[in-house]
């Protein structure tokens, strides 16, 4: 019965599923609602899990399974353990409305079918002008910044996490980015992990490292994914934290092991969407180094990290995107690095355009440059929208709804807008608990009202 239900979920929602010797995944980059000013990136991933060569017929359709609706067809022969990625990009200009992408794979044994729905809005701009998803920290990395949030996050139960994810769905924030799967407050160049061993603590039962974060929930990751499955949402799993801004060879080896464990433990969830690298970064890609030689070394490390990590993940999850979220500062110092980097970063989601340093590019200039690099590399530009302010003690607290809307509407070309973060900023008054300050209840209702107004205008 459970197997039948899982197959039904996969047909309706999509996911990665091992069936009849093949692992099949269907991913749309830009899931959920998009505008007709951006192309749709369709990815089908296959892995041969059998001990013999497999011949697989692959077909991708739009809305109907007939010859006129066929978007892509090929046949591929895969050796044992070999993976394959189909990447089909289509224009959405003439596809306003509700659409379905259908993937059919056939071997000499069986046929498997899965699909994903996508809504395309008629719009003169790329942005949906709404917050499409949100980060969620299982515990804030800084006790100072997390002053108002961490005491509540620590007490969250597994059922509380499911309740919180459902509240995201109420605001159409249907992409969830789990900030970290491990907590380790170390920084690049200032630790001795390779000599002393990794001392970070996991938010789940990791077989790699025994340490566990002292939180009430037994497995918040499992419960976030489970609720996301039920609400047809999408989840990035944060691979990290090894050490902030650390893209060294040691960090790369650690990330490969952590990503593989997360995949093996959680990929049965249809909502498992991709991998997010938790270490973040500075726009200049130099990890805040000031010495020219060290700056260049750090930049080279970032480029090498993503090239290797992308290749590694493609062996078992070829269709799953990898996301990187640096700030927008100093990007002109890495003009020769981004075109190479973005060939192995599926989604770049920069932040802090609203607080660009003096003598740097204006926010609009930085956005334009990011867009140019993404277009050339075939990568995707999303926005990490900061919905918080720092109080007088440098603790995170909600921005006003006016400031949130101002920052969200400042730029029109981001494919998707994610915010940092819903927990502690937007609290559903109907939930059984609250994270952070009382003003978060008001902020939830204010944004919900804005969302209703946007939807009403779309339907006029």
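The values are calculated or read from the model by the stated rules, or taken from the named source; none is laboratory data. Predicted, not measured: the structure shown is a model, and the values here were computed from it. Here Cβ is always computed from backbone atoms with ideal geometry, including for glycine, and neighbour counts include all displayed protein chains.
Looking at region 207-245, which of its residues are more than 15 Å from residue 154 (Cα to Cα), under 15 Å from the mean Cα position of the chain (by Cα) and part of a helix (DSSP H, G or I)? Hits for region 207-245 are 224, 225, 228.
Here's the yes/no breakdown for (1) more than 26 Å from residue 241 (Cβ to Cβ); (2) assigned by TED's automatic domain parsing to the domain that holds residue 428; (3) touching a helix residue (DSSP H, G or I) at 6+ places or on another chain (Cβ under 9 Å); (4) modelled with pLDDT of 95 or more:
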position	(1), (2), (3), (4)
108	yes, no, no, no
138	no, yes, yes, yes
180	no, yes, no, yes
193	no, yes, yes, yes
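Can you tell which of 8, 13 is modelled with pLDDT under 95, within 19 Å of residue 236 (Cα to Cα) and under 26 Å from the mean Cα position of the chain (by Cα)? Spell out how you get there, then give the answer.
Numbers: 8 fails: within 19 Å of residue 236 (Cα to Cα).
Answer to the check: 13.
Taking residue 441 and the conditions (1) under 25 Å from residue 121 (Cβ atoms); (2) surrounded by fewer than 23 Cβ atoms within 10 Å (Cβ to Cβ); (3) out of contact with any strand residue (DSSP E or B) (no Cβ under 8 Å at 6 or more places or on another chain), which numbered condition does it fall short on, given that it satisfies the others? Failed condition: (1). Restricting attention to region 447-460, and to residues there that are over 16 Å from residue 168 (Cβ atoms) and at pLDDT 95 or above, which single residue is surrounded by the most Cβ atoms within 10 Å (Cβ to Cβ)? So, considering only residues that are over 16 Å from residue 168 (Cβ atoms) and at pLDDT 95 or above, the one surrounded by the most Cβ atoms within 10 Å (Cβ to Cβ) is 454. For region 354-382, the set of residues classified as in a loop (DSSP other than H, G, I, E, B) and either touching a residue at least 40 places away in the same chain (Cβ under 8 Å) or under 18 Å from the mean Cα position of the chain (by Cα) (or both) consists of 378, 379, 382, listed by residue number.
Of all strands (runs of 3 or more DSSP E) completely enclosed by region 19-62, which ones contain at least 3 residues that are under 27 Å from residue 176 (Cβ atoms), out of contact with any helix residue (DSSP H, G or I) (no Cβ under 8 Å at 6 or more places or on another chain) and modelled with pLDDT of 95 or more? Before you say what the answer is, go through the steps one by one.
Working: elements: 22-29, 40-48, 54-62.
Output list reads 22-29, 40-48.
Do you know which of the residues in region 321-343 that are in a loop (DSSP other than H, G, I, E, B) and within 15 Å of the chain's Cα centre (by Cα) is farthest from residue 416 (Cα to Cα)? Steps first, please.
At the first step, the residues of region 321-343 found to be in a loop (DSSP other than H, G, I, E, B) are 321, 325-326, 328-330, 335-337, 342-343.
Retained after the next criterion (residues that are within 15 Å of the chain's Cα centre (by Cα)): 321, 325-326.
Details: 321: 14, 325: 13, 326: 16 Å.
Among those residues, the one meeting the criterion is 326.
For region 406-433, give me each residue that is touching a helix residue (DSSP H, G or I) at 6+ places or on another chain (Cβ under 7 Å) and more than 27 Å from residue 122 (Cα to Cα). Listed by number, the residues that qualify are 422, 423, 424, 425, 426, 427, 428, 429, 431, 432, 433. Among the residues of region 409-432, those identified as in contact with a strand residue (DSSP E or B) (Cβ under 6 Å, 6 or more places away or on another chain) and in contact (Cβ under 8 Å) with a residue 40 or more places away in the chain are 414, 415, 417, 418, 419, 420, 421, 422, 423. When you scan region 249-270, do you find a residue that is buried (at least 24 other Cβ atoms within 10 Å of the Cβ) and farther than 17 Å from residue 312 by Cβ, even just one? Within region 249-270, one or more residues are buried (at least 24 other Cβ atoms within 10 Å of the Cβ) and farther than 17 Å from residue 312 by Cβ.
Residue count for region 75-86 under the criterion of being in a strand (DSSP E or B) and over 12 Å from residue 103 (Cβ atoms): the result is 7. Residues that are within 19 Å of residue 243 (Cβ to Cβ), part of a helix (DSSP H, G or I) and more than 21 Å from the chain's Cα centre (by Cα) within region 285-320 comprise 294, 295, 297, 298, 299, 300, 301, listed in sequence order.
In region 307-317, what count of residues is obtained for those that are surrounded by fewer than 22 Cβ atoms within 10 Å (Cβ to Cβ) and in contact with a strand residue (DSSP E or B) (Cβ under 7 Å, 6 or more places away or on another chain)? Explain how you work it out, then say what you get.
Narrowing region 307-317 to residues surrounded by fewer than 22 Cβ atoms within 10 Å (Cβ to Cβ): 307-308, 310-312, 314-316.
Subset that is in contact with a strand residue (DSSP E or B) (Cβ under 7 Å, 6 or more places away or on another chain): 310, 314-316.
Looking only at that region, the number is 4.
Does residue 222 satisfy the condition of being in contact with a helix residue (DSSP H, G or I) (Cβ under 8 Å, 6 or more places away or on another chain) and surrounded by fewer than 22 Cβ atoms within 10 Å (Cβ to Cβ)? Here the answer is yes, as residue 222 does meet what is asked. Comparison of 422, 385 shows that the only residue that is buried (at least 20 other Cβ atoms within 10 Å of the Cβ), assigned by TED's automatic domain parsing to the domain that holds residue 166 and part of a strand (DSSP E or B) is 385.
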